[in-house]
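Here is the structure we will look at, set down as structure tokens.
The values are calculated or read from the model by the stated rules, or taken from the named source; none is laboratory data. Everything numeric here is computed off the predicted structure, so don't read it as measured data. Ideal geometry is used to build each Cβ from the backbone, glycine not excepted, and the neighbour counts take in all protein chains shown. The protein model used for the area step is the full one, side chains on, heavy atoms only, and it has no ligands, DNA or RNA in it. Shrake-Rupley method; radii C 1.70, N 1.55, O 1.52, S 1.80 Å.
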Amino acid sequence: MEDGKLTVRAVERALDILLCFTHVHELSLTEISQRVDLHKSTVHRLLASLEGKGFLIRDAASDKYRLGFSLWELSANLSQGDDLGAILLPEMERLRDVIGETVSLYLRDSMERVRIQAVQSNHAIRRVAPVGARMPLFVGASSKVLTAYADEAVQAQVLQEAERSTPGFDRDSYLQQLRETHRMGFATSFEEREPGAAAIAAPVLGRSGKLAAAIAVSGPANRLTPEMMQAYAPTLLEAARRMGTMLS
């Protein structure tokens, strides 16, 4: 049993190392050690194993690590039929062309939302949306949509996490926002998560009526004003409806 626990722990640590590269291209041993909060000697052994299997590559000149070709080989076998980002990309581009702002697609992963696809605005000043970014489920338009259309157990977890991590969190106000999201069919946020940013989001419901994702339009708050978001709502809802018809 003890050997099994050690093996699982090693796997978890190796995966944590790979996840360090979600937002950066290269990292040194020291940087990785700091990010995963492990001693350098432990990280070095794990890096050697990952490098040996081709999941990481070490640059001899800089002594930094980057993702290896084994990950590309694995990704080549992803089922495109299950890839929401690929399926809905044309509709996302169409929505961007109509509204002119950045369009993002989000999924819920436990107590976070993950951006799995994005189409950037063509404006010189725009809100850049990196794919793979993770954000909490209790703030932002997309979070409200993903939470409002989740079951009660998930909502209870989100509220518990929000109260734990956010001093002064107003539970009643947030529940009211979730009810409004469900009633209106969309949610908005204005400088909730970061100053100067605004967003409007709607649920993408499959033909079975089950929530598949949240589609969001985001941009600078001085351009994406509350009035403009209300004006864009019908266009967003129609885009979300079309996306839903493409899913089972």
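Determine if segment 227-237 includes at least one residue that is part of a strand (DSSP E or B) and buried (at least 18 other Cβ atoms within 10 Å of the Cβ).
Taking segment 227-237 as the starting set, the residues that turn out to be part of a strand (DSSP E or B) are none.
Within segment 227-237 (the criterion being part of a strand (DSSP E or B) and buried (at least 18 other Cβ atoms within 10 Å of the Cβ)), the answer is no, since none of the residues qualifies.
Give segment 156-170 a look and list any residue that's open to solvent by 60 Å² or more (accessible area, probe 1.4 Å) and either under 17 Å from Leu146 (Cα atoms) or touching a helix residue (DSSP H, G or I) at 6+ places or on another chain (Cβ under 6 Å) (or both), or say none.
Gln157, Gln160
Would you be able to tell me the number of residues in segment 105-132 that are among the hydrophobic types (A, V, I, L, M, F, W, C) and over 21 Å from Phe186 (Cβ atoms)?
Number satisfying all stated conditions: 5.
Among (1) of a type in the set (Lys, Arg); (2) more than 27 Å from Val217 (Cα to Cα); (3) at pLDDT 90 or above, which single condition is Lys5 missing?
(3)
Could you say whether any residue in segment 217-239 is free of Cβ contacts under 8 Å to residues at least 24 places away in the same chain and within 23 Å of the chain's Cα centre (by Cα)?
Yes: segment 217-239 contains one or more residues that are free of Cβ contacts under 8 Å to residues at least 24 places away in the same chain and within 23 Å of the chain's Cα centre (by Cα).
Looking only at segment 112-128, which residues are at pLDDT 85 or above and crowded, with 16+ Cβ neighbours inside 10 Å?
Once the filter is applied, which keeps residues that are at pLDDT 85 or above and crowded, with 16+ Cβ neighbours inside 10 Å, segment 112-128 yields Glu112, Arg113, Val114, Arg115, Ile116, Gln117, Ala118, Val119, Ser121.
Hey, among Gly85, Gly132, Gly81, which residue is under 28 Å from Glu31 (Cβ atoms) and modelled with pLDDT under 90?
Numbers: Gly85 fails: under 28 Å from Glu31 (Cβ atoms); Gly81 fails: under 28 Å from Glu31 (Cβ atoms).
So the residue among Gly85, Gly132, Gly81 that is under 28 Å from Glu31 (Cβ atoms) and modelled with pLDDT under 90 is Gly132.
Which one of Glu101, Glu112, Glu91 is in contact with a Leu (Cβ under 7 Å, 6 or more places away or on another chain) and closer than 23 Å to Glu238 by Cβ? Break it down stepwise before answering.
Details: Glu112 fails: closer than 23 Å to Glu238 by Cβ; Glu91 fails: in contact with a Leu (Cβ under 7 Å, 6 or more places away or on another chain).
Result of the check over Glu101, Glu112, Glu91: Glu101.
Within the set of pairs 6 or more residues apart or between chains, which connect a residue that is more than 15 Å from Val24 (Cβ to Cβ) and surrounded by fewer than 14 Cβ atoms within 10 Å (Cβ to Cβ) inside segment 53-78 to a residue that is modelled with pLDDT of 90 or more and not hydroxyl-bearing (Ser, Thr, Tyr) with Cβ atoms less than 7 Å apart?
If the second residue must be modelled with pLDDT of 90 or more and not hydroxyl-bearing (Ser, Thr, Tyr), the pairs left are Phe69/Gly54.
Considering only residues that are open to solvent by less than 20 Å² (accessible area, probe 1.4 Å) and not in a strand (DSSP E or B), which ones fall in segment 191-226?
Answer for segment 191-226, where residues must be open to solvent by less than 20 Å² (accessible area, probe 1.4 Å) and not in a strand (DSSP E or B): Gly206, Ala221, Leu224.
Across segment 8-62, what is the total count of residues that are of a type in the set (A, V, I, L, M) and under 25 Å from the mean Cα position of the chain (by Cα)?
Start the filter on segment 8-62 by keeping residues that are of a type in the set (A, V, I, L, M), which leaves 8, 10-11, 14-15, 17-19, 24, 27, 29, 32, 36, 38, 43, 46-48, 50, 56-57, 60-61.
Checking which are under 25 Å from the mean Cα position of the chain (by Cα) leaves us with 11, 14-15, 17-19, 24, 27, 32, 36, 56.
Total satisfying the criteria: 11.
Could you please find all residues in segment 30-52 being surrounded by 16 or more Cβ atoms within 10 Å (Cβ to Cβ), assigned to a helix (DSSP H, G or I) and in contact (Cβ under 8 Å) with a residue 24 or more places away in the chain?
Ile32, Val43, Leu46, Leu47, Leu50
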